[in-house]
1. Using the Karplus curve 6.51 cos²θ - 1.76 cosθ + 1.60 with θ = phi - 60°, work out ³J(HN,Hα) for each residue of the stretch 54-67 in order, rounded to whole Hz, and write x for Gly and Pro.
2. Once you treat every alpha carbon in the chain as an equal point and sum by Debye, what is log10 I(q)/I(0) at q = 0.10, 0.12 Å⁻¹?
3. To the nearest 20 debye, what is the magnitude of the charge dipole of the stretch 2-191 about its Cα centre, counting +1 on the Cβ of each Lys and Arg and -1 on the Cβ of each Asp and Glu?
4. Go ahead and collect, in residue order, the members of the stretch 161-187 whose backbone nitrogen is under 12 Å from a label point 7 Å along the Cα-Cβ direction of Lys33.
5. Would you calculate, for the chain, the mean residue ellipticity at 222 nm contributed by helices, counting each DSSP H stretch of 4 or more residues as -39,500 (n - 2.57) and dividing by all residues, to the nearest 500?
6. Have a look at the DSSP beta bridges in the chain and tell me what percent are antiparallel, nearest 5.
7. I need the peptides 165-172, 126-133 ranked by packing, meaning the mean over residues of other C-beta atoms within 10 angstrom, with the highest value on top.
8. Going by amide H atoms built from the backbone, whose H comes under 5 Å of the H on Asp92, apart from near neighbours?
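Just so you know, all these numbers are worked out from the coordinates, no wet-lab data involved. The model shown is predicted, which means the values in this text are computed figures rather than measured ones. So basically every Cβ, Gly included, is an ideal-geometry build from the backbone, and we count neighbours across all protein chains shown.
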Amino acid sequence: MKLVAGLGNPGPEYVWSRHNAGWLAIDSFTERKGLGEPRMKFSGAFWPPSQVEGESVAFLKPFTYMNLSGKSVTEAARYYDITPSDILIIFDDAAIPFGSLRYRSSGSAGGHKGMISVITLFDTLDIPRLRLGIGGPPPQIGMKDWALGKIPKEQRDAWPDVENLAWEALSKWLLGASGQGFTLKIAELRRA
């Protein structure tokens, strides 16, 4: 069994914030699969296992706020006896331009507080992660304000392309074709 967890923050003030990119990806996946309403379980919104690309996959949106995301993810993993290598964490990354995503099978958190929480509680760097690019802030805006800021309209209009990239990345991971890592970009998707 696999677990896919998208990181974000609960509350109406965070809807469509850059920091909730992981939640937006989970919403897209569960809608695409027609999974309906989640259960409130494991300190978050949880969709029980269903078949995706021949694998049994559960989806999770932690409600613990970003900095404590590991609590929710470890609760679900322990309940289902899922090893860290069978968990995909999806989160925003300001070091990656909007319209790109990057998959890695292991590595540091890159300063992302949600991923730091996950790595700390599992006590391993070997946790697959899918980083969705939000681009970096202009010099006059601090990183916290940038991450918690709203995704602008032109990027929201392009968000379905980001969702398609994320779905392609999820499929690659589930099919075992991801290796150590890969990068996908909207421009590449549109050419295909």
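1. x, 10, 7, 10, 10, 10, 9, 10, x, 9, 8, 6, 3, 5
2. The computed values of log10 I(q)/I(0) come out as -0.35, -0.51.
3. On the way: 22 positive and 20 negative charges, 40 e Å.
For the stretch 2-191, the charge dipole is close to 200 debye.
4. Flagged as within label range: 170-171, 174.
5. Working: 6 runs with 68 residues, N = 192.
Taken over the chain, the calculation gives -11000 deg cm²/dmol.
6. Details: 20 of 33 bridges.
Roughly 60 percent of the beta bridges in the chain run antiparallel, per DSSP.
7. Details: 165-172: 19.5, 126-133: 23.2.
Output ranking for 165-172, 126-133: 126-133, 165-172.
8. Excluding prolines and chain starts, which carry no amide H, the hits are Ala21, Gly22, Leu132.
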